[in-house]
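Visitor: Mind looking over this structure? Questions follow.
The values are calculated or read from the model by the stated rules, or taken from the named source; none is laboratory data. Everything quoted here is computed from the prediction, not taken from an experiment. Every residue, glycine as well, gets a Cβ built from its backbone with ideal geometry; the counts of neighbours run over all protein chains shown.
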Amino acid sequence: MKAFLLTAIAFFFLHTAAAQVKGLVADEHGSPLPYATITVKGTTSGTTANSKGFYALTLAPGTYTLVFEYVGYIPVEKQLTITDKEQVFDAKLYTNDHLMGEVVVKSKGEDPAYRIIRQAIKKKSDYEHQTDSLSVNIYLKGIIRTRNIPKKVLGQKVERDANDGLDTMGKGVLLLSESTIKLDEVKPRQSKITVLSSYERGSNMGLNFSKVTSFYTNNVAVFDLGNGSRGYISPIADAAFNFYRYKLLNTYTRDGITVKTIRVIPKRKNEPLFSGTIEIADSTWHIYSLDLMLTKEYQLELIDTLHIKQLHSRIAPGVWKTRNQILSFSFNQFGFSGVGSFVNVYSNYNLHPPYAANYFNNVVMKYDTGYYKRDSNFWKQQRPVTLEHDEKRYYAFRDSLSILNSNRPKTYYDSLRRHQKITVWNLLWSNQQYRWYSKNHTLTYNLRGLLKGLEYNTVEGVALKADQTFHYAPVKGKYVYDLRWNLRYGFENHHFNSYGTFMVKPKELPYRNRYLSVSGGKRVSQFNPDEPINALTNTFYTLFFRSNFMKLYENRFGSVRYNNRFENGLGMYAELLYEDRMPLQNTSGFSFFYRDKDFTPNHPGALRQIAFNPHQALMASLTIRYQPGQKYIQYPSYKASIGSDKPVFALNYTAGIPQLLGSDVNYHKWSLEMTHDKNFRLAGLFKYRIGAGGFLSADAYSIPDMKHFNGNQTFYNIKYLNSFQLAPYYAYSNVARFYAEGNIEHHFNGLLTNKIPLFNKLKWNLVAGSNAFYVNKNQYYAEAFAGIENIFKLFRVDVIAGYQPLLKTTYGVRVGLGGLLGSAFRFEQ
């Protein structure tokens, strides 16, 4: 006990006597060197300067040698004696050009850099796999600063939070995140991240970026831009000489290591290539440091420039690993402009961690129990990067806002209610929303713009829809409640329809999409429940081309649905649906053009032999979905699935139940489907959907119960993997015992087109594929297509050739959404 007390007292006085050394790290011209590295020589202790070049390091009294380093600059060592008083030391670093060594050019004229790169390529696999296991602590800091946020984009008002802390121009700190994690790895390809602490204000963005960006791989994932990301070619990839030129800039010696600084020069634009410098250690051929850049000329999307800097250090004899990584970027898109940076600082490498036998499993990220409980004092001691003034203000603002929100007085809610506006514009076009606030609950009402609900068809004439949603969220309850209420009136047939859906969802585990819903009322439905044509498109073709493709029926209905997704990748959807079905006839014959042409009957022409008379149908349906290889994030109180890279399987069984509730249908059908997106990186993204199904029995059925293939007779398409671009809508509907169908498409993502003039500058990409289905020898269809996507980042144009039995090959052009932004759009039905 006495020894313990003496140790504790000594520890206390040691830390109370510690003092801080701080200063500015700048180049020879006085310009700050952002995120320079400061290390206590002979130890792994140190810090990193902030984006302004300022650093601060707390040390106990004693004599230390500080090493100041920056990629591309000569390290500086300074011996300092630390007392109990604060010291200021500014370090000035000079570029490696001052250490220019003799560059010997061979007679054949090859730059010496090529020999060095060849050796680095030979050794890169050894350095990538030189350790069987690894454990390292990483400090991650991410920040995005905006320079401007526009008031409108493409005519739409940009909504801003009144409490976002930005100035009137939208300038300031938008997002800020700090985390400390432990990364554990075992070869091959097994890893786990433990989040030890997290200090987030605005977003958990710090954990979304690569923890270790390796340039020893052929394809470098700087950060994940989505499932279709191609990655970028490493300067020491196996085929690097096909893409890069090299120039030896200088040679210098550091701690007995001869370092070669090499300029990396892309051979061609419009390919995923870096430019900048990479430093290779002579004789051992490992990466010493790098300073590389990506721009729009080299297939960078959405952001304008991206810099990545890495400094590597020796953590064991012959073993070199990344000490820090700084990724900084700038963007200016649609009036949104700003800069950001993501800093990774690596410490406490352990090459022989004692992992338990079952330590690595399908949990790839785990949050420590108290990860969010660290206060500001903890972060002052732990963060290796000094906060800047605007970051301190941002944290203070967010913390005060959090306290205010947790102690809101009644006047606060009264103020929120008073400041809500109900406008004619919102009611007619933009969505109108109104909230009732209180300490115990929030009730939100939303009305979709009424003009967006206008449509025209030959059955109802002009139809007006009012789509409304009530969302009730109690503060202390376990569930949230939604009521979706839809009203519809046809001005030509004078039919009024109204139906609603009441849904109960748990608050927790939103990824599971677990809910129970009850629906009922009277509605208008398409014969094909997949709705192959939407109301807006049908309105356009009806008014301008006198083509009424949409075929409708009316039904009074009631349904109960249950949906759940389990942690193991298994999901289920069950529904019991009753419909009292009624036919509808054309009541309107108006169109702007082609008035001498007759509208087709509302009954699908290809199914004219099947009568559609008033009848009732009771149906039960069960869908089971499964995706193997699930990965999980383990939170302190629950585990969440984050999916996998394996295919998704879906099995459906639907039964038409006869006699019960007067039901006139009696059938049993099934379907099995597999979908998958496979990223081949530089070679592009391959997508497919294949399926099969059929009717086990079809004793009594009607048109809505049949198998319908999603055709398309319009000029555009948005259901690429669930449609046939030139097929008629109902020509192949059936109740066959077996059918098979498939959709495949390959997105080249710049491959091939990056070598075609104009296309490479516009960044238009090639897409190609085929769609087909088979029912029997007289009922089948196949089409092949090739197209260009990423037009203005939004659009896609396909040229298609379709083959149908007993008919000539048909050709067509379809326009749709595809590309970096277009593929993210989802249309409202």
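Visitor: Quick one: which residue in Ala655, Ala611 is in contact with a His (Cβ under 7 Å, 6 or more places away or on another chain) and without any contact (Cβ under 8 Å) to a residue 60 or more places away in the chain?
Guide: Selected residue: Ala655, the only one of Ala655, Ala611 that is in contact with a His (Cβ under 7 Å, 6 or more places away or on another chain) and without any contact (Cβ under 8 Å) to a residue 60 or more places away in the chain.
Visitor: Which number in (1) surrounded by fewer than 18 Cβ atoms within 10 Å (Cβ to Cβ); (2) modelled with pLDDT under 85 marks the one condition that Tyr394 misses?
Guide: Unmet for Tyr394, out of (1) surrounded by fewer than 18 Cβ atoms within 10 Å (Cβ to Cβ); (2) modelled with pLDDT under 85: (1).
Visitor: Of all residues in segment 579-594, which are buried (at least 17 other Cβ atoms within 10 Å of the Cβ) and aliphatic (A, V, I, L, M)?
Guide: Leu584
Visitor: Among what's in segment 546-565 and is part of a loop (DSSP other than H, G, I, E, B) and touching a residue at least 60 places away in the same chain (Cβ under 8 Å), pick the residue that is surrounded by the fewest Cβ atoms within 10 Å (Cβ to Cβ).
Guide: Ser547
Visitor: So, in segment 78-93, of the ones that are among the charged types (D, E, K, R) and farther than 11 Å from Ile38 by Cβ, which residue ends up surrounded by the fewest Cβ atoms within 10 Å (Cβ to Cβ)?
Guide: Lys85
Visitor: Taking segment 696-727 only, how many residues are buried (at least 18 other Cβ atoms within 10 Å of the Cβ) and in contact with a helix residue (DSSP H, G or I) (Cβ under 9 Å, 6 or more places away or on another chain)?
Guide: Final tally of qualifying residues: 5.
Visitor: Would you please name the residue that is nearest to Tyr355 (Cα to Cα), looking only at residues in segment 130-150 that are surrounded by 21 or more Cβ atoms within 10 Å (Cβ to Cβ) and aliphatic (A, V, I, L, M)?
Guide: Within segment 130-150, the match that is nearest to Tyr355 (Cα to Cα) is Leu134.
Visitor: Inside segment 672-698, can you point out the residues that are in contact with a Gly (Cβ under 9 Å, 6 or more places away or on another chain) and of a type in the set (S, T, N, Q)?
Guide: Correct list: Thr675, Asn679.
Visitor: Considering Thr39, Thr43, which residue is in a strand (DSSP E or B) and not aromatic (Phe, Trp, Tyr)?
Guide: Going through Thr39, Thr43 in turn, just one is in a strand (DSSP E or B) and not aromatic (Phe, Trp, Tyr): Thr39.
Visitor: Can I ask one more? With the condition kept exactly as written, say whether any residue in segment 150-159 is at pLDDT 80 or above, in contact with a strand residue (DSSP E or B) (Cβ under 8 Å, 6 or more places away or on another chain) and not in a loop (DSSP other than H, G, I, E, B).
Guide: No; the residues of segment 150-159 include none that is at pLDDT 80 or above, in contact with a strand residue (DSSP E or B) (Cβ under 8 Å, 6 or more places away or on another chain) and not in a loop (DSSP other than H, G, I, E, B).
Visitor: Sticking with this one: Give me the pairs, please: first residue somewhere in segment 486-498 and under 20 Å from Ser591 (Cα atoms), second residue anywhere and hydroxyl-bearing (Ser, Thr, Tyr) and buried (at least 16 other Cβ atoms within 10 Å of the Cβ), beta-carbon distance under 6 Å, and either six or more positions apart or on two chains.
Guide: What qualifies is Glu492/Thr587; Glu492/Ser588; Asn493/Thr587.
Visitor: With the requirement that a residue be surrounded by fewer than 17 Cβ atoms within 10 Å (Cβ to Cβ) and among the hydrophobic types (A, V, I, L, M, F, W, C), what does segment 515-539 give you?
Guide: Answer for segment 515-539, where residues must be surrounded by fewer than 17 Cβ atoms within 10 Å (Cβ to Cβ) and among the hydrophobic types (A, V, I, L, M, F, W, C): Leu516, Val518, Leu536.
Okay, residues lined up against (1) of a type in the set (Val, Ile, Thr); (2) without any contact (Cβ under 8 Å) to a residue 24 or more places away in the chain; (3) under 17 Å from Leu685 (Cα atoms):
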| site | (1), (2), (3) |
| --- | --- |
| Ile756 | yes, yes, no |
| Trp764 | no, no, yes |
| Ala768 | no, yes, yes |
| Val775 | yes, no, no |
| Ala786 | no, yes, yes |
| Glu789 | no, no, yes |
| Lys793 | no, no, yes |
| Gly802 | no, no, no |
| Leu817 | no, no, yes |
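Visitor: Take the residues in segment 276-300 that are among the hydroxyl-bearing types (Ser, Thr, Tyr) and farther than 19 Å from Lys755 by Cβ; name whichever of them is surrounded by the fewest Cβ atoms within 10 Å (Cβ to Cβ).
Guide: Here the answer is Ser283.
Visitor: Is it the case, given these coordinates, that Asn568 is touching a residue at least 40 places away in the same chain (Cβ under 8 Å), in the same structural domain as Met706 (by TED's automatic domain parsing) and within 30 Å of Phe544 (Cβ to Cβ)?
Guide: no
Visitor: Mind listing just one residue for me: the one in segment 245-275 that is in a loop (DSSP other than H, G, I, E, B) and buried (at least 19 other Cβ atoms within 10 Å of the Cβ) and, of those, modelled with the highest pLDDT?
Guide: The residue in question is Phe274.
Visitor: Among the residues of segment 52-66, what is the count of those that are under 27 Å from Ser289 (Cα atoms) and free of Cβ contacts under 8 Å to residues at least 40 places away in the same chain?
Guide: Of the residues in that region, 4 qualify.
Visitor: Tell me, yes or no, whether segment 298-316 has at least one residue that is at positive phi and touching a Gly at 6+ places or on another chain (Cβ under 7 Å).
Guide: yes
Visitor: Output the number of residues of segment 483-508 satisfying the condition of being more than 20 Å from Tyr578 (Cβ to Cβ) and surrounded by fewer than 16 Cβ atoms within 10 Å (Cβ to Cβ).
Guide: Number satisfying all stated conditions: 8.
Residues checked against (1) small (Gly, Ala, Ser); (2) in contact with a strand residue (DSSP E or B) (Cβ under 7 Å, 6 or more places away or on another chain); (3) part of a loop (DSSP other than H, G, I, E, B):
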site	(1), (2), (3)
Glu741	no, yes, no
His746	no, yes, no
Ala768	yes, yes, no
Phe773	no, yes, no
Ala782	yes, yes, no
Glu789	no, yes, no
Lys793	no, no, yes
Val799	no, yes, no
Leu807	no, no, yes
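Visitor: Just need a number here: residues in segment 348-387 that are over 29 Å from the mean Cα position of the chain (by Cα), surrounded by fewer than 18 Cβ atoms within 10 Å (Cβ to Cβ) and either at pLDDT 85 or above or farther than 25 Å from Ala56 by Cβ (or both).
Guide: Of the residues in segment 348-387, 10 are over 29 Å from the mean Cα position of the chain (by Cα), surrounded by fewer than 18 Cβ atoms within 10 Å (Cβ to Cβ) and either at pLDDT 85 or above or farther than 25 Å from Ala56 by Cβ (or both).
Visitor: Right, something else. Among the residues of segment 494-514 satisfying the criterion of being farther than 23 Å from Asn440 by Cβ and modelled with pLDDT of 95 or more, which is nearest to the chain's Cα centre (by Cα)?
Guide: Restricting to residues being farther than 23 Å from Asn440 by Cβ and modelled with pLDDT of 95 or more, the top hit is Thr501.
Visitor: Checking Lys465 against (1) surrounded by fewer than 16 Cβ atoms within 10 Å (Cβ to Cβ); (2) farther than 30 Å from Gln630 by Cβ: exactly one of these is not met. Which one?
Guide: With (1) surrounded by fewer than 16 Cβ atoms within 10 Å (Cβ to Cβ); (2) farther than 30 Å from Gln630 by Cβ applied to Lys465, the lone miss is (1).
Visitor: Additional query: Quick check: is even one residue across segment 67-83 over 24 Å from Arg314 (Cα atoms) and either touching a residue at least 60 places away in the same chain (Cβ under 8 Å) or touching a helix residue (DSSP H, G or I) at 6+ places or on another chain (Cβ under 8 Å) (or both)?
Guide: Within segment 67-83, one or more residues are over 24 Å from Arg314 (Cα atoms) and either touching a residue at least 60 places away in the same chain (Cβ under 8 Å) or touching a helix residue (DSSP H, G or I) at 6+ places or on another chain (Cβ under 8 Å) (or both).
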